[in-house]
Structures are given as structure tokens and as C-alpha cells.
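Following: one structure in C-alpha cells, then a few remarks.
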There are 2 protein chains.
Amino acid sequence: MQSSPVLQNVNKHIQLTEDEVMYFLSLLHQQVVPKKHFLLKEGCACNQLYFVESGTLRAYYLDRNGKESTIMFAVNDWWITDMYCFINRLPAMLHIETLESASIQQLSRDGFDALCSRIPKFERFFRIIMQNAYTREQLRVIQNLSLSAEERYDQFVAKYPQIVQQVTQKQIASYLGITPEFLSSIRAARAKK
Amino acid sequence: MQSSPVLQNVNKHIQLTEDEVMYFLSLLHQQVVPKKHFLLKEGCACNQLYFVESGTLRAYYLDRNGKESTIMFAVNDWWITDMYCFINRLPAMLHIETLESASIQQLSRDGFDALCSRIPKFERFFRIIMQNAYTREQLRVIQNLSLSAEERYDQFVAKYPQIVQQVTQKQIASYLGITPEFLSSIRAARAKK
DNA sequence: TAAATTTCTTAACCTACCTTAAGTATTTCT
DNA sequence: AGAAATACTTAAGGTAGGTTAAGAAATTTA
């Protein structure tokens, strides 16, 4: 059996039969998206769940003052969408853009629902995916509440070294909730040591 | 069939047979916990998932400077634990205390695992619980990044009116990531209007 | 490869929110 | 009920991080 990146990702948590693999793959749609394109824009229907085979994506919220807040980055082996709107069938609140040209597998909500209903193992798979996403966000809330900007930057660099290489400081700053100028000064202070 | 609060909660998302109900209930352990007692302390093994039948609970992180950050409140019909540590079998990073005397149903991690393995419908149930928890935390991150303290307070009051009645301002402040003094001044400014 | 755009840096000034402190109100404990 | 502890308020002074602006470096586009 071949083993595409998305299958390898699924195999980390559940074991599928050959038929199940075929069915799963039949629900996916591959897509190559050039750099600086949008997979999702605020206000659009959010009917797809994306798996990143390669490339770099960013999800961000744009507030009424025009300020961007980066909600998540996704590199290879990550799932990404505006989950709140995907689940609740609401117009997207987030923008999702490619920072680098990306190869994506997309699964529609109908596909997602069918997969969960027809193959209970996928309920397990997505339970684990959601569980990990939940605990990751909760850790982020804890750190936002208890650490200084400098400490949050350190944690980010330690946790996501791959992402640090691929995104701009402006984008990291908007993930950490600080201005690019302030991040620059944190880095300058650090460089002196 | 009787319908305890925890069964009603489960029934919101999945339909169980009578046998499944019996099995599920056999895994639960009811507990009445007086006000100001701890269900979990930092450093302890976190082997239980708690469902609140009545009462009020608070999970918080205590940082090295002694500052408390409230991670979540739980009132009736909520599930609560230190999920990151529960899932990863790590010593708890959070404290969970009762703010008001509470009636709790607890499910051990072994029970949780058994339930998911033996009744795939429970994979679905917890997938939905985790999904909701994830999107709730993500919304919180978005609001922390894009709103002022005053706006976050307004959102909190609008979203959790029941909780506002049951917890102190100090605790709300520690949820919002501000000091009690600053929350007090926000409320004073508001009262003038 | 040059022009245009975007990113990064530095620095002066600013503000949302913090700290400390002291007083008052409320709750808890005996 | 009275004492002790905790919560809430107010206010003055402080600081982490923001804003504005302008120049230098890097990247993108033509």
C-alpha cells in the first residue's frame, strides 16, 4: 500500500483496512496552492478541512481596526481550518493564506461527517486531533496570561523552530500579541548578551 | 429509565441503549465536595475527568511569582479537568477547587479509555466535547489578542451570566488577565454612564 | 537589474494596565 | 455577635509594551 503524508498522519492514531483507506482517499481532494493565495476569507462559507502536505499556511483574525492577529500557523503534517465556523456552519471569521506555495489535501464537511458516521475509527482519530488542538490552545492561554512577551517569544522559538524559519517577525509578533517593533527590540536586547 | 444530569448531557450528542447506559453509569463515581476544597492540585496525578451536576468549580494556574490565572470555571452541566495532563499522564499543572459546594460525577482515565474502546459512540461524544472545548479556547485567544480589557469583560458577562453571579471579581479579573483593581475601575467607569 | 514594496530596526514619546497602599464593605470563622 | 479574614474601591505613581516616524535592509516585481 502506498503511504501518502495524510495517510501516515491518520496511521499515527488509527489502523485502517485497505477498503477504508480507499474510501478515505476518495473523499480527499488534492490542491496545489501558490504562495500568497487565500484558502479561506472572512465571511466565506467554511466547508473544508485542510491537511498540509507541504508548504506554510497562516490563519489570522482581522479586527475592525485592521489589526491582524495570527491564530495559527500550519506546516507539513498539520490540519487547519476555521474550526468554530466549520463545525457550526457559520461564515468564516478567519483568513487562511499560504505563506509558501503549498500542497494541500482538503476534506469537505460532508466528507468529514460521512467519514465519522461510516468509520467509527475516524471519530477516534478526530477526537484525538481535537483533544490535541484543545490542549494546545489551553497552554497558549496559560502562557498568554502568565508570561511576559519575551518569555512567550522564547517558548515559541523552542516549540516551533520550523515555523520560526519560515515566517516573518511581523507574523510571529502578531501571534504573540505584540507589535513588530517591540519584538525587534526584544531580539536586539537579547543579541547583546 | 431515570435521567441523571450526566446522562442528559450525554444524550445531547449520542443515543445509548439501556445496556450502554448501565455500563456507563457503572464507571462513574459520585462525590459531594464542600466549598473551598480541591479536586486537583498542581503536581498530583490527574486521572479523573469531572462532570459538574451542581455547584461551581474553578481551574487555575499558579505561576512562580504566586500569580493565579483562572483557566476555566465550571458550573452545572460542564466537564472539567486538566485535560493536557489527563491525556498525557503528566502531573497536573492546574489546581481545581470548588467555589461552592458541588456534586460531581467522576470518570477515571481507565474508565474513559474503556468507554471509548467499547462504545464507539463515546468516541463521538468526546470528539464533540473536545471540539467545543477547542473552539471555545480559540475564541478566547482571538479575544485576548484583539480586544481591550473592558471589551473582554463585556464579552465575559454576556457569555457567562450565570458564572458572573457566582464568582468574585478577583476571580473574573484573573480569567481576563487583569488585576482586580483595574477591573474595579472599569466597573466604576461603567457605572457613571 | 532597477524600481517598488515590504520588512526590520531604532528612538522618542505615549497609554493601558500594574503596583502599592490605605480605607471600606463583606464574608467567614469562632 | 464579634473578630478576623477576604473582597472591593480609590488614587498616585510606575512600567511593559504601543505608536509614530524615518532610515536601512531584504524581498518582490517588472
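No value in this document is a laboratory result; all are computed from the given coordinates. Please read these numbers as outputs of a predicted model, since none were measured by experiment. Ideal geometry is used to build each Cβ from the backbone, glycine not excepted, and the neighbour counts take in all protein chains shown.
Each Lys and Arg contributes +1 and each Asp and Glu -1, all at the Cβ; summed about the Cα centre of the protein assembly as shown, the dipole is approximately 1100 debye. Counting, for every residue in B:172-182, the Cβ atoms of other protein chains within 10 Å of its Cβ and taking the mean gives 1. What separates the B:HIS29 label point from its copies, with the point 7 Å along Cα to Cβ, is 5.0 nm, written shortest first. In whole percents, the pair-distance distribution calculated for the protein assembly as shown from its alpha-carbon pairs, binned every 20 Å from zero, is 25, 57, 17, 0. Applying 1/(1 + (r/R0)^6) with r as the Cβ-Cβ distance of B:LEU90 and A:LYS36 and R0 = 45 angstrom yields a FRET efficiency of 0.70.
Could you line up B:HIS29, B:HIS95, B:HIS13 from fewest to most neighbouring Cβ atoms inside 10 Å?
So the ranking, lowest neighbour count to highest, is B:HIS29, B:HIS13, B:HIS95.
Rounded to the nearest Hz, the phi-derived 3J(HN,Hα) couplings of the stretch B:103-117 under the Karplus curve 6.51 cos²θ - 1.76 cosθ + 1.60 (θ = phi - 60°) are 9, 10, 10, 10, 10, 6, 5, 4, x, 4, 4, 5, 4, 5, 6, where x marks glycine and proline.
Which of B:GLN30, B:ALA102, B:PRO91 sits closest to the plus end of the dipole of the stretch B:5-121, meaning its Cα is farthest towards the positive end, when Lys and Arg get +1 and Asp and Glu get -1 on the C-beta? Going by the charge dipole, the pick is B:PRO91. Distance between the modelled labels on A:GLU100 and A:GLU151, one decimal in nanometres: 3.2 nm (7 Å Cα→Cβ projection).
Calculated [222 nm] ellipticity per residue, helices only, for chain B: -15500 deg cm²/dmol; basis is -39500 (n - 2.57) per DSSP H run with n ≥ 4, divided by all residues, nearest 500. Spin-label model, B:TRP78/A:ILE14: points 7 Å from Cα along the beta carbon direction are separated by 3.0 nm.
Treating only the Cβ of Lys, Arg, Asp and Glu as charged (+1, +1, -1, -1), what charge dipole size does the stretch A:1-111 show about its Cα centre? Round to the nearest 20 debye.
Values: 9 positive and 12 negative charges, 88 e Å.
That gives a dipole near 420 debye.
Of the trypsin sites (Lys or Arg not before Pro) in the stretch B:77-123, the ones in a loop by DSSP (not H, G, I, E or B) with at most 13 other beta carbons within 10 Å are B:ARG89. In this structure, the residue pairs whose Cα-Cα separation is over 25 Å, taken from B:LYS12/B:LYS159; A:LYS170/B:LYS170; A:LYS170/B:LYS67; B:LYS41/B:LYS170, are A:LYS170/B:LYS170; A:LYS170/B:LYS67. Charge dipole (Cα centre; +1 on Lys/Arg Cβ, -1 on Asp/Glu Cβ; no other charges) of the stretch A:148-193 amounts to roughly 140 debye.
Partnerless cysteines in chain A, where a partner means another cysteine C-beta under 4.7 angstrom, comprise A:CYS44, A:CYS116.
Mean separation of Cα pairs under 8 Å and 6 or more residues apart, divided by the residue count, gives chain A a relative contact order of 24 percent.
Please go through the stretch A:1-62 and write out the trypsin sites (Lys or Arg not before Pro) that DSSP classes as loop and that have at most 11 other C-beta atoms within 10 Å.
Numbers: sites: A:LYS12, A:LYS35, A:LYS36, A:LYS41, A:ARG58; in loops: A:LYS12, A:LYS35, A:LYS36, A:LYS41.
Those satisfying the criteria are A:LYS12, A:LYS36.
Here chain B was treated as a single set of alpha-carbon atoms; its pair distances binned every 10 Å from 0 give 8, 32, 35, 18, 6, 1 percent.
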